[in-house]
Amino acid sequence: MTTKPNRELRYLPFENWELREEADKPPRLVGYASVFNQEAEIFGMWREKVAPGAYKRTIKEHDIRALWNHNTDLVLGRNKPGTLTLEEDAKGLKVEITPPDTQAGRDAVTSIKRGDVSQMSIAFQIVKQEWLEPTNRKELPLRTIREAKLFEVSPVTFPAFEQTSVQARSVLYMPDGEMDPLEEARRLLRCAEQGMRLTAEQRQQMAAAVELYQPFLLDSEPDEGHHSGPVADSELEEGHYSAMERGRKLEEMSRIYGLTL
C-alpha cells in the first residue's frame, strides 16, 4: 500500500563499514546503509524490515547525497558525479563514499578512523509498504518496506534513535503487567501515522483510552484558599504525558479517527 510522504531516519553501526585507504587513491568509506530482511524494533512501537529491491528504483532515478551528521552544508559525496555510489546486492544497500579533499572531508575521515563517529544513518521516504498485525496483542506489528525514496546517507555522531527497544516497550505496560491503555493508544496512533490501517478492535481500544482518561481532562472549580502552581516537568513521571499534553493527544486521536469524547 502507499502512504503519505514522511521523511524517516534509520541507522546502522559501523560494524557494517570499513574505511579503505590505498596508495595514490583517496580514502573511501565502504559498507551497508541498510540490510535486507533484518528485523528491527522501532521506538518500541513496531517491528520493521526492508525487502530486497526496496532501493532499486531510487538508485536509478534520484539525486542522493552523502552528508556529515545530516548537515547539508557538509557534503561528503553525491551519486550524480560518482563520489557516492549505491547498489543493491543480496545483503542490502551497499554504499561507497569518497569524501572530498577539504578540511571537512579530512576531519570526517579522521573522526571515523579514531572511532569518534560510529553510526551510519539514512534519510528516506516510504513509497510502498505492508503491515502485518500479530494475533497476540502483546506482540508488535511488522512493517515491511517494499520501496523507499532515498534522500541521503550520513555518518552520524548520534543515531536516529538511541532509546533501546526494552526501554521504549516498557512504557506500554503498567506495574501489574497489563498494557497501559493510553500508551497503547499512542502506539496505535504512531503506527497509523506511518500508514498502518487500524482494525475495528484497535479503534475501540483508542476509544476506550479516551473514555478512561476523560475525567482527568475536565476542568474543576479550585478550592477556596488553595492555590497550586503549575507542576514542574521533574514532578511528572518519565515516559508519561502532562495533563495538558494528554488532553491534546486524546483530542487529536478523536478528531482523526472519529471517536466520541
Response to the item:
Over the stretch 47-84, the set of residues within 19 Å of the chain's Cα centre (by Cα) and surrounded by fewer than 20 Cβ atoms within 10 Å (Cβ to Cβ) is ARG47, LYS49, ALA51, ASN69, HIS70, ASN71
Worksheet entry | Any chance GLU183 is assigned to a helix (DSSP H, G or I) and either among the charged types (D, E, K, R) or at pLDDT 70 or above (or both) | yes
Response to the item:
(1) modelled with pLDDT under 95; (2) in contact with an Asp or Glu (Cβ under 9 Å, 6 or more places away or on another chain) all hold for ARG7 apart from (2)
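One line per residue, one yes/no per condition, for (1) among the basic types (Lys, Arg); (2) assigned by TED's automatic domain parsing to the domain that holds HIS62; (3) outside any strand (DSSP E or B):
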{"residue": "LYS94", "(1), (2), (3)": "yes, yes, no"}
{"residue": "GLU130", "(1), (2), (3)": "no, yes, no"}
{"residue": "ASN136", "(1), (2), (3)": "no, yes, yes"}
{"residue": "LEU140", "(1), (2), (3)": "no, yes, yes"}
{"residue": "PHE151", "(1), (2), (3)": "no, yes, no"}
Discussion item. Here is a list: ALA66, ALA123, ALA104. Which entry is farther than 26 Å from GLU22 by Cα, out of contact with any helix residue (DSSP H, G or I) (no Cβ under 6 Å at 6 or more places or on another chain) and assigned by TED's automatic domain parsing to the domain that holds ASN16?
Written reply: ALA123
Worksheet entry | Any chance PRO99 is surrounded by 16 or more Cβ atoms within 10 Å (Cβ to Cβ) and either touching a helix residue (DSSP H, G or I) at 6+ places or on another chain (Cβ under 9 Å) or β-branched (Val, Ile, Thr) (or both) | yes
Worksheet item: Filtering the stretch 25-71 down to residues that are aromatic (Phe, Trp, Tyr) and part of a loop (DSSP other than H, G, I, E, B), which residue is nearest to THR98 (Cα to Cα)?
Response: TYR55
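The values are calculated or read from the model by the stated rules, or taken from the named source; none is laboratory data. As the structure is a computational prediction, the values presented were derived from the model and not from experiment. Note: ideal-geometry Cβ built from the backbone for every residue, glycine included; neighbour counts use all protein chains shown.
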